[in-house]
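Asks: Structure in structure tokens, see below.
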Amino acid sequence: MKKLMILGASYSQLPLYKAAGNMGISTVAVSTPGDWPGFEAADEASYTDISDPEAVLRAAEKFKIDGIATCCLDAGVRAIGYVCEHMGLNGMTAKAAEISGNKYKMKEAFLAGGVRCARHICIRSREELESALGKLNFPVVVKAVDLMGSRGIFRCNSREEALANYEKTMSATRKDYCLVEEFIEGDILGCEAMMSKGKLLYCLPNNIEAYQSYVPTPVGHSVPYRRQKELGAEVERQVRLAIEATGIDNCPVNCDLIEKDGVIYVIEITGRAGGTCLPEMVGLYYGINYYEAIVRLALDMEPETMFTENAPHRANLSRTLTSERNGVVKAIHNENTPAEDIVDLSFNIRPGDTVRRYENGIDRLGQVILKGENLDSCEKRLEEILSKINIEFTD
């Protein structure tokens, strides 16, 4: 029986454990100690910091694994490349994983590879920040290079904001430097893809519904991309350039982009499947279990056979459930009944839980995933479903 090591043991990785189990593959859950559901779902467990490549390698050698994978989080990407290279497993090289796990090295690779991206400067002090601000146009983004999601990332409209947020960024990062870059005003979009042995198996641009915080934070995705006809080819061209520049191969690909005045810019790219229901989006669009494709790729089991020409290309939409206030949940009222077009409607809170006004992904209350004949019908259906959900708080 083949053995797959999965980095991360939260609810986001559970479908990966399930897919491997359904394929008759043994799994090893890797995470720091905690009440993580992945430990129960896996066959074996290793209480290891997934951001520590050396520690993960020791665990991988101990368990004699045949492959290693993750999804929906960045923390283990460097370790995957390190383990694959040292154990001869199918996956990214250590160099590509290092580049995709560090936003500064990524941006430098983009510049060298001709990828269209925002102007940026690496800074290590307030003095260097002051100098950089004289060279860039406002608004700017002060950005930690080693954190995922929106942590350590702040949009700044003035010198005063940049100086204040620099301190917040440096207190969050584990590096002694960060980035300041120009903020491109436009419409954000995403692209999921998969590379295997130098071949792009698919490339799927998607619309992003964003929550406007310090920087836009995705709370929903949908396909097909609304500007596929005009901009789809350029999105794919920029994604291919970013893949080539970073050296990413033999892994899923998650890319964030922005469109301004018909021009596509790459924000960042990494060698793992995205979060916020992106694997489900890909699976629905192509009529497959995308988590199975991730497992197959990690174990070198020909994932390309899953992406066929007769894929349904089904329109679908996902949305994270959020709260506009802080409070303690008194009751969850959901008047929706099961329906064929509701792929998932679930909550990860319960009465008695304390919730926060939404700022980033850790504040999520649940999720909705829908499929339909077209994107417009999905969006209308979402409005109906949300109107039937009410979360009651204690006074």
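Asks: For the range 8-61 and the range 338-395, what is the separation of their C-alpha centers, rounded to whole Å?
Replies: After rounding, the separation between the Cα centres reads 28 Å.
Asks: Roughly how many debye, to the nearest 20, is the charge dipole of the range 1-153 about its Cα centre, given +1 on each Lys and Arg Cβ, -1 on each Asp and Glu Cβ, and no other charges?
Replies: That gives a dipole near 580 debye.
Asks: Can you pull the Rg over Rh of the range 209-291, Cα-only, Kirkwood?
Replies: 0.95
Asks: At q = 0.22, 0.28 Å⁻¹, what is the log10 ratio I(q)/I(0) for the range 175-219, with the Debye formula run over Cα points and no solvent?
Replies: Rounded to two decimals, the profile gives -0.87, -0.99.
Asks: Filter the DSSP H helices in the chain by two things, a Kyte-Doolittle mean of at least 1.0 and an axial alpha-carbon span of 24 angstrom or more, and list the hits by number.
Replies: Qualifying helices: none.
Asks: Okay, next question. Modelling each spin label as a point 7 Å along the Cα-to-Cβ direction, I'd like the LYS229/LYS197 distance in nm, to one decimal.
Replies: The modelled label-to-label distance comes out at 3.8 nm.
Asks: Rounded if a/c is under 1.5, else prolate if a/b is larger than b/c, else oblate: which is the range 144-287, with a ≥ b ≥ c the root eigenvalues of its Cα gyration tensor?
Replies: Because a/c hits 1.5 or more and a/b exceeds b/c, the range 144-287 counts as prolate.
Asks: From the helices alone, meaning DSSP H stretches of at least four residues, give me the mean residue ellipticity at 222 nm for the chain, per-run term -39500 (n - 2.57), in deg cm²/dmol to the nearest 500.
Replies: Values: 12 runs with 126 residues, N = 395.
Calculated mean residue ellipticity at 222 nm is -9500 deg cm²/dmol.
Asks: Express in Å², to the nearest 10, the accessible area of ASP66 obtained by rolling a 1.4 Å probe over the protein heavy atoms while all chains stay in place.
Replies: 60
Asks: Based only on Cα atoms, what Rg/Rh ratio does the range 59-135 have, Rh being taken as Kirkwood's radius?
Replies: Dividing the radius of gyration by the Kirkwood radius yields 1.14.
Asks: With a cap of 12 neighbouring Cβ atoms within 10 Å, and only residues DSSP puts in a loop, list the trypsin sites (Lys or Arg not before Pro) found in the range 165-255.
Replies: Here the trypsin sites (Lys or Arg not before Pro) that fit, given the DSSP loop and packing criteria, are ARG174, LYS197.
Asks: Quick check: from the Cα gyration tensor, does the range 167-250 come out rounded (a/c under 1.5), prolate or oblate?
Replies: Oblate is the answer for the range 167-250, as a/c is 1.5 or above yet b/c matches or exceeds a/b.
Asks: Using Cα positions and a limit of under 26 Å, work out the lysines in reach of LYS229, with same-chain residues fewer than 8 apart set aside.
Replies: Once the sequence-local lysines are set aside, what remains near LYS229 is LYS199, LYS260, LYS371, LYS380.
Asks: Given a 1.4 angstrom probe, I'd like the percentage of the accessible area of the range 204-272 that is carbon and sulfur, rounded to a whole number.
Replies: Taking all protein chains in place, the range 204-272 shows 48 percent carbon and sulfur surface.
Asks: Kindly state, to the nearest 0.05, the FRET efficiency for LYS388 paired with ASN310, given R0 = 30 Å and r defined as their beta-carbon distance. Please report the intermediate quantities before stating the final value.
Replies: Details: r = 36 Å, r/R0 = 1.19.
The formula returns an efficiency of 0.25 here.
Asks: Could you do me a favour and compute the accessible area per residue for the range 120-257, 1.4 Å probe, result in Å²?
Replies: I get 42 Å² per residue for this part.
Asks: Still on this structure: Taking all protein chains as present, what is the carbon and sulfur share of the accessible area of the range 50-196, in % to the nearest whole number, probe 1.4 Å?
Replies: 48
Asks: Which shape class, rounded, prolate or oblate, goes with the range 331-377 when its Cα gyration tensor gives a ≥ b ≥ c as root eigenvalues, a/c under 1.5 marks rounded, and past that a/b bigger than b/c marks prolate?
Replies: Oblate.
The values are calculated or read from the model by the stated rules, or taken from the named source; none is laboratory data. Here the structure is a predicted model, which means the values were calculated and not measured. Note that each Cβ is placed from the backbone with ideal geometry, even for glycine, and that neighbours are counted across all protein chains shown. Keep in mind that these areas ignore ligands, DNA and RNA; they rest on the heavy atoms of the full protein, side chains included. Shrake-Rupley method; radii C 1.70, N 1.55, O 1.52, S 1.80 Å.
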